[in-house]
Amino acid sequence: MKTIFSSLVLSLFFIAGSAQQSIKQSKAANQETIFNYGVLTKNVQQLKPILLAAEALAKEDGKAFGNFEIIVCGKNIGDLTDLKSMEPFMKEAERLGASIIACGFSLKKFKVTGELPKGVKKVDNGILYNLQLQKKGYLSLEL
Amino acid sequence: MKNAFNLLFLFLGFSLMAQQNTITDFVVLTPKIQQLQPILLTAQEVESKGDFQVILYGKEVTQLTDPKVRKFIKWAQKVGVKLSVCNMSLEKLKIDPASIPKEIGIVDNAFLSAFQLQKKGYKILSL
């Protein structure tokens, strides 16, 4: 009888202990969490709502706001070379610390040879890059 | 003696159940109204105890004022799926939010909502 009671008390003690430990761990994780975001889009016009979302998230996250990377790919990638219409997006991205990235594979496939706005980075394969960001724990949207 | 044993097992059983019963929430972001059919079928199959939301955006949101959409609205209600539409899309297409069926929620920016839900732990499918 005594053994049963002591094992009951012991198991209660262990369960309570592990619960407390997990609460502590999740609290520690919350304190250190940085939110990184990746968006893959085929439509340059979507940069406006995407950057508005980035602005709201930066405000909401405060110090926890990490990277915000926008990858442009697909047949309309040539729209990135319209420097005049890209100007407000580039300014806004710079203000927010967001990156605009062009998919090298799409540029080649759709024979885009024009100049990209200053500040637009290039990666070999936008889809691969997006998946790599997800592997790193980025929250992701593919539009 | 027997009672103490029962109590011990009952307690351990409950604590194990509490650990296993994790709830999964889902969000689907889509610009295609016709995709509501496979999405709602999926929601039915998933039988999640969690939340299931669909956020619509883009040109096709004009179709939400069409009476044909009612069947999807009823179906979504039946399977507990919350439908929402992006207000930025409504504004761009000059659609009066009042013309959207009241069962469909309106979010300011579909992309922002999709990220906010992911931050809360929702699994996302963007179509």
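The numbers here are math on the coordinates, done by the rules we state, and not lab data. No experiment lies behind these values; they were computed from the predicted model shown. Glycine also receives a Cβ, built like all others from the backbone with ideal geometry; neighbour counts cover every protein chain displayed.
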For B:LYS92 and B:THR62, extending 7 Å from Cα along the Cα-Cβ vector and measuring point to point gives, in nm, a value of 1.4 nm
Cross-link partners among aspartates and glutamates for A:LYS108, C-alpha distance below 15 Å, same-chain residues fewer than 8 apart left out? A:ASP79, A:ASP124
Shielding of A:37-43 by partners, i.e. mean partner chain Cβ atoms within 10 Å per residue? 2
Past 23 Å, Cα to Cα, is the threshold; run B:LYS78/B:LYS102; A:LYS42/B:LYS78; A:LYS59/B:LYS119; A:LYS84/A:LYS136 against it and keep the listed order. A:LYS42/B:LYS78; A:LYS84/A:LYS136
Euclidean distance between Cα centres, segment B:65-104 to segment B:106-127, Å: 17 Å
Is there a simple number for the mean count of other chain Cβ atoms within 10 Å of the Cβ of residues in A:55-65, and what is it? 2
Using a 10 Å cut-off on Cβ to Cβ distances, tally the other chain neighbours for every residue of B:24-37 and report the average as a whole number. 0
B:VAL46 and B:GLU103 label points (each 7 Å along its Cα→Cβ direction) are spaced in nm at 1.9 nm
Given R₀ = 45 Å, what would the calculated FRET efficiency be for B:LYS123 paired with A:LYS118, taking r from the Cβ atoms and rounding to 0.05? 0.75
Between A:SER85 and A:LYS109, what is the spin-label point distance in nm, taking each point 7 Å from the Cα along the Cα→C-beta axis? 2.1 nm
